[in-house]
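Chemist: My questions all concern the structure below.
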């Protein structure tokens, strides 16, 4: 098992820029995921009453209302795997992750199930709007690097 933490921005053998992109994307996704879970908890508790920590954990894992958020968890796990794998992180790895995140987090009422739920979340919760803005900053940083010729 590697001693490197996913949030560590430096590791020997990795392309530093690619690793930083993945770490920034991971951080933005974790914050967004937390905000979306908090939003869904408020909705759930409004309908069914307050739940304790153990019950809430079970809901996040098993309840259909929270199931759409598993996509984000899985995405972060894939980033973590790339950041801690024996193979070095390359620019193509970061570019692929950012491209997939752009598609996944395109809020649209006409998109797939996740995109529709995400669209609704942005429409209903200002905290989600704020975190979406932070994710958009990661995408803008990628765009400015591409425009500057610093990315492959």
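Chemist: With 20 Å as the cut-off, how large is the P(r) tail for the stretch 40-128, expressed as percent of Cα-Cα pairs?
Modeler: 50
Chemist: For the chain, set up a GNM with springs between Cα atoms under 10 Å and report which of 111, 13, 133 has the largest fluctuation.
Modeler: Greatest mean-square fluctuation among the candidates belongs to 13.
Chemist: What whole-number distance in Å separates the alpha-carbon centres of the stretch 29-58 and the stretch 97-133?
Modeler: Using only Cα atoms to place each centre, the spacing works out to 18 Å.
Chemist: Answer with a single label: of (1) 1, 8, 12, 15, 15, 14, 12, 8, 6, 4, 2, 1, 0, 0; (2) 2, 9, 18, 19, 17, 14, 11, 6, 3, 1, 0; (3) 2, 11, 20, 22, 20, 14, 8, 3, 1, 0, which was calculated as P(r) over Cα pairs in 5 Å bins from 0, in percent from the structure in view?
Modeler: The calculated read-out lines up with (2).
Chemist: Can you pull the one-decimal nm distance between simple spin-label points at residue 136 and residue 20, each 7 Å off the Cα toward Cβ?
Modeler: Calculated label separation equals 2.3 nm.
Chemist: Oh, and also: So for the pair residue 108, residue 84, with labels modelled 7 Å out along Cα→Cβ, what separation do we get in nm?
Modeler: 3.5
Chemist: Let me check against my output: what whole-number percent is the relative contact order of the stretch 16-146, with C-alpha pairs under 8 Å and at least 6 apart? Spell out each step's value before the answer.
Modeler: Working: 94 pairs, mean separation 49.1, N = 131.
In percent, rounded to a whole number, it is 37.
Chemist: Go ahead and set up a Gaussian network model of the chain, Cα springs under 10 Å, then flag whichever of 120, 110, 14 fluctuates most.
Modeler: Highest fluctuation of the listed residues: 110.
Chemist: Further question on the same structure: Extending each Cα 7 Å along its Cβ direction at residue 8 and residue 42, get the distance between those two points in nm, one decimal.
Modeler: The answer from the label model is 3.7 nm.
Chemist: Quick check on the chain: helices-only [θ] at 222 nm, where DSSP H runs of length 4 and up contribute -39,500 (n - 2.57) each and the sum goes over total residues. Nearest 500, please.
Modeler: -24000 deg cm²/dmol
Chemist: Zone of residue 129 (label point 7 Å along Cα→Cβ, backbone N under 20 Å): which residues in the stretch 79-119?
Modeler: The answer is 105-110, 115-119, whose backbone nitrogens lie closer than 20 Å to the label point.
Throughout, read-outs are computed from the coordinates displayed, never taken from laboratory work. This structure is a prediction, so every number in the text was calculated from the model and none was measured. Every residue, glycine among them, receives a Cβ derived from its backbone with ideal geometry; neighbour counts consider all protein chains shown.
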